[in-house]
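Below is one structure, written out as C-alpha cells; comments come after it.
Computed from the coordinates by the stated procedures, all read-outs in this text should not be read as laboratory data. In this text the structure is predicted, and so the values were computed from the model without any measurement. Cβ placement follows ideal geometry from the backbone for every residue including glycine, while neighbour counts extend to all protein chains displayed.
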Amino acid sequence: MKKKILVIGAGSDVAQALSRLRAERGHILWLTARSQEALQPLLADLKVRYQVEALGFVYDAELHSAEDLMAQLPGIPDEVHVAMGYLGNPDRLDDPKDAARILKVNFSAAVLLMNAVMHAMIEKQVKGVLVGISSVAGERGRKSNFLYGAAKAGFSTYLDGLRNAGFSHGIHVMTVKPGFIRSKMTAGLPLPGPLTASPQQVASAIIKGMKKGRGTVYVLPVWSLIMLLIRNIPDVVFKRLNL
Amino acid sequence: MGTPMSALTKISNWGNYPRIEADVRPWPLQTESPQIARGMGRCYGDSALSTHIVDTRSLNHFLDFDAESGLLTVEAGLTFDEILQVCVPRGWFLPVTPGTRFVTAGGALASDVHGKNHHAEGSFSDHVRWFDLLTASGEICRCSRTENTELFYLTLGGMGLTGIIKALAFYLKPIETAYIRQHTLRCENLDETMAGLEAYGHWTNSVAWLDCMAGGRAFGRSILMLGESAKQSELTQAQSLNPLKVHSTKGIPFPIDMPSFTLNRFTVQAFNQVYFHKHPKGSRDSVVHYEPFYYPLDKVLGWNRIYGKRGFTQYQLVIPHADARKGLQEVLELLAKRKMSSFLTVLKIFGEQSENYLRFPKAGFTLTLDFGISASLWPFLNELDGVVERYGGRLYLTKDVRMNPDFFRRTYPMAQEFMEKIKALDPTGKFQSLQSQRLGIHA
C-alpha cells in the first residue's frame with residue numbers, strides 16, 4: 001500500500017536520504033522546507049528518480065505554526081519524520097536571538113507539530129508512525145552545546161511520553177539518536193570516523209527501526225555505550241571536563 | 001558536536017599528487033577568498049585544488065527529464081553513476097562518458113570530457129543545451145548557444161575558472177539495450193594500430209590499448225576495441241531477460257597503497273605481454289554489458305592506489321592527423337630511450353574541435369600515458385612536451401599537473417583571449433585553482 005509520508009525539514013541530509021529510500025518503495029512524499037526555492041529541487045529529484053507523487057509545503061518553524069502547516073496538507077499522513085534541526089552558535093551566552101531559535105526549532109516547534117499530527121491521527125483513527133530525530137547531545141548537557149542539548153533533551157523526553165500516549169491508539173512513536181553525522185550541519189568539523197554515520201546509514205537505521213517497532217534507535221550501537229558512560233560520570237568530575 | 005569552523009583537510013585528486021591542506025566547504029559559497037569547485041575529484045592533478053574548495057556534491061538533485069527529447073536537467077554535483085542508475089532502465093544513456101562513471105555532471109562540463117566516441121559524437125560540451133553559472137559578481141547566469149554565448153564557450157572546458165556551475169541540461173541518447181556489440185582485433189604494430197583506428201572510424205566507439213613496451217617489429221602493437229550499442233535482437237538469451245540492466249553498484253575496494261616499486265619497467269612489460277597475448281590473433285566479436293566496456297577500472301574502487309603513496313599523473317596528448325604517425329613514433333621511442341614505462345597506454349582518434357576557448361580535442365590521434373611520480377619524471381615530460389609542440393599538439397588540462405605557462409599559451413591558441421576574458425569577468429580572481437596559478441592564468 002502506498003503511504004503518505006510527511007518529512008519536516010526535508011532539506012537536511014538525513015531527510016533527503018530518508019525521502020529517497022521511501023520514494024524508492026513508491027510511497028507518496030510530502031516535504032516541508034523553509035522556502036519554495038529549497039523545495040523545488042527536492043521534489044523534482046524524487047519525481048525524476050522514482051516517478052512518485054511528491055508535494056511540497058513551505059514551513060518555517062520560526063514563522064509558521066503547526067496549524068498553518070496542517071491546514072495545507074491534503075490529508076492525514078501515515079508516517080511523519082521530524083528532521084528539522086538547528087545547531088546554532090555554541091558557547092555563546094550573549095546571543096539571545098540565536099538561543100531562542102535553537103530552542104524553537106529543536107524543541108517547541110517540533111513538539112507543537114508532533115502534537116498536532118498526533119491529534120489528527122487519533123481523530124481520524126490513523127494508526128501511523130511518528131519519528132522524531134533527536135540527538136545524543138540531549139543525554140547530558142555539555143558546555144560546547146548545552147542549548148542544543150537541552151532542546152534535544154526536552155524533545156527526547158517529549159517523545160518518550162508521546163510514545164506512551166500513542167500506544168493505546170496504535171500509533172508508534174520512535175526516537176532517533178544519531179551520533180555524529182557527516183552532513184552539511186557538521187561540514188568542516190573534524191569528526192571521529194568510527195563514531196560518524198553517513199546520512200544514508202541514519203536513514204536505513206530509521207527504516208529498520210520502524211519495521212521492528214523500536215522505541216529508541218541509536219544509529220551506531222557504540223553511541224548507546226558512550227552515552228551510558230557519559231551519563232554516569234559524577235558531576236564533580238564532569239563539570240571540569242572539556243567536552 | 002562543536003562549532004562549524006575552518007578546518008583544514010588533506011586533499012588530493014585522482015593522481016594522489018599533489019596532496020595539499022585546504023579549507024573544504026560544502027556549497028553554497030562561504031568565503032570571498034580565491035576558491036575552486038570540486039566534485040568527485042576525478043581530475044588527475046591540481047585542477048580542482050585551491051586553498052579554499054567548494055564541495056559541490058550536495059548539489060545532487062535531478063531537476064527534470066523530458067522522455068520525448070531525452071533532455072536531462074540535473075544539478076552539477078550529480079554523478080554519472082547516479083544518472084546511469086536512473087536513466088538506463090528507461091532506455092537512455094550518457095551522450096559521452098569518460099572511462100569512469102564517478103564524475104559529476106558539472107565536472108564533465110568544466111573538463112569537457114570525451115570518450116571512445118569523440119570521432120563520431122564529439123565531446124560532452126556538444127550535448128549541453130544550457131547551464132546555470134554562479135559568476136564572480138554573485139549572479140546566476142543562464143548560458144547557452146543563444147544566451148550569454150561568450151560565457152557559455154568560456155565555461156565549457158573552462159576548468160571551473162568562470163564560476164560555479166550550479167545546474168545543467170544535456171541530451172541523453174536513446175538505447176535499445178544496455179549492451180555493446182564489441183569487435184576486438186589485434187594490431188601487430190603502430191601502422192596497423194593507426195590504420196585500424198582510421199578504417200573503423202564508422203564505429204561509434206573505438207579505442208586501442210597499446211603495448212608501449214614492445215619494440216622492433218612489434219613496436220606500437222595494440223588491442224583495438226570497437227563498440228556499437230547493441231540491438232535487442234543481438235543479445236544472448238540470458239542478456240535479453242533484462243536488456244536494460246544497470247551496472248552493479250558494488251565494487252571491490254583496492255585494499256592498500258601498493259609500494260611505489262610495484263609498477264616498474266619489468267612488471268609493466270610482463271603485464272603488457274600477458275594482456276596482449278590473451279587476445280588471439282585476428283578478431284573476435286562479442287556482446288558485453290556497458291560496464292566492462294566503458295568502465296573496466298571502476299570495478300576496482302581506488303585503483304589509483306596501485307601507484308603507492310608517491311601518486312601518479314596521466315599525460316594525454318593530441319597530435320593532428322598530418323604528422324600523427326611521426327609524432328607518435330617519436331613519443332614512443334623517447335619513452336623507450338629514457339626507460340620510462342606507462343602502465344595504461346591508450347590511443348584514440350579525435351573528431352573536429354569545438355568552439356570552446358580551452359578546447360583540447362582536435363582532429364587527430366590522442367595518446368594517454370601514465371606515470372608514477374618521481375624526480376626523473378619532470379625533465380622527461382618536458383622533453384615529451386617538445387615533441388608534442390613540434391607536431392602541433394597539446395595536452396589535456398584535466399590530467400595535467402606540471403605543464404608550464406609558456407607551453408600552455410603556445411599550444412592553446414585561445415589561451416590569451418581566455419585569460420583576458422576571465423580577468424574582465426572576475427577581476428579579483430575569486431575562482432582560481434593551483435593549476436590556473438601554475439599556468440599563469442592567475443598571477
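Observations, loosely collected:
- For the stretch A:162-204, trypsin sites (Lys or Arg not before Pro) meeting the loop criterion (DSSP other than H, G, I, E, B) and having at most 10 other Cβ atoms within 10 Å: none.
- Sequence-ordered 3J(HN,Hα) estimates for the stretch A:74-90 from the Karplus curve with 6.51, -1.76 and 1.60 and θ = phi - 60° stand at x, x, 9, x, 8, 8, 10, 10, 9, 10, 6, x, 9, 6, x, 9, x Hz, glycine and proline given as x.
- Counting DSSP beta bridges with both ends in the protein assembly as shown, the antiparallel % (nearest 5): 65
- 10 Å-binned pair-distance histogram of chain B (Cα, whole percent): 4, 21, 32, 28, 13, 2, 0
- Cross-link pairs beyond the 28 Å C-alpha cut-off, checked among A:K143/A:K177; B:K278/B:K339; A:K177/B:K166; A:K4/A:K143: A:K177/B:K166; A:K4/A:K143
- For the stretch B:101-118, the Karplus equation 6.51 cos²θ - 1.76 cosθ + 1.60, evaluated at θ = phi - 60°, returns couplings of 8, 8, 10, 8, 5, x, x, 4, 6, 5, 9, 6, 5, 10, x, 6, 10, 4 Hz by residue, with Gly and Pro reported as x.
- Three-way shape label, the stretch A:4-238, alpha-carbon gyration tensor, a/c 1.5: rounded
- Helical mean residue ellipticity (222 nm; -39500 (n - 2.57) per DSSP H run of 4+; nearest 500) of the protein assembly as shown: -9500 deg cm²/dmol
- Residue-normalised convex hull volume from the C-alpha trace of the stretch A:1-140: 115 Å³ per residue.
- Take the Kirkwood radius over Cα pairs of the stretch B:154-244, plug it into Stokes-Einstein at 20 °C and 1.002 mPa s, and you get 131 µm²/s for translational diffusion.
- Placing +1 on the Cβ of every Lys and Arg and -1 on the Cβ of every Asp and Glu, with no other charges, gives the stretch A:4-238 a dipole of roughly 740 debye about its Cα centre.
- Rounded to the nearest 20 debye, the dipole size of chain B about its Cα centre is 1280 debye, using +1 on the Cβ of Lys and Arg and -1 on the Cβ of Asp and Glu.
- Computed over chain B: relative contact order in percent, which uses C-alpha pairs under 8 Å that are six or more apart: 18
- Toward the positive end of the charge dipole of chain B, with +1 on the Cβ of Lys and Arg and -1 on the Cβ of Asp and Glu, the farthest Cα among B:F293, B:L109, B:A48 is that of B:F293.
- Cut-off under 5 Å, modelled amide H: who pairs with A:F180 long-range: A:A197
- Long-range HN-HN contacts of B:L301 with modeled amide H, under 5 Å: B:I252, B:F254
- Among the trypsin sites (Lys or Arg not before Pro) in the stretch B:56-149, those located in a DSSP loop and surrounded by at most 16 other Cβ atoms within 10 Å of their own Cβ are B:R145.
- Cβ crowding within 10 Å averaged over residues, with B:16-28, A:77-89, A:213-225 ranked highest first: A:77-89, B:16-28, A:213-225
- Whole-Hz ³J(HN,Hα) from phi, Karplus 6.51 cos²θ - 1.76 cosθ + 1.60, for the stretch A:58-71, glycine and proline x: 7, 9, 10, 3, 7, 10, 10, 8, 4, 5, 3, 5, 4, 5
- Other residues with beta-carbon under 14 Å from the beta-carbon of B:S233 carry, at +1 per Lys or Arg and -1 per Asp or Glu, a net charge of -1.
- Residues whose amide H comes within less than 5 Å of that of B:F93, counting only those at least five positions distant or on another chain, are B:K173, B:I175 (H built at 1.01 Å from N in the peptide plane).
- The charge dipole of the stretch B:1-120, taken about its Cα centre with unit charges on the Cβ of Lys, Arg, Asp and Glu (plus for the first two, minus for the last two), comes to roughly 420 debye.
- Taken over the stretch B:179-400, the convex hull of the Cα atoms encloses 148 Å³ per residue.
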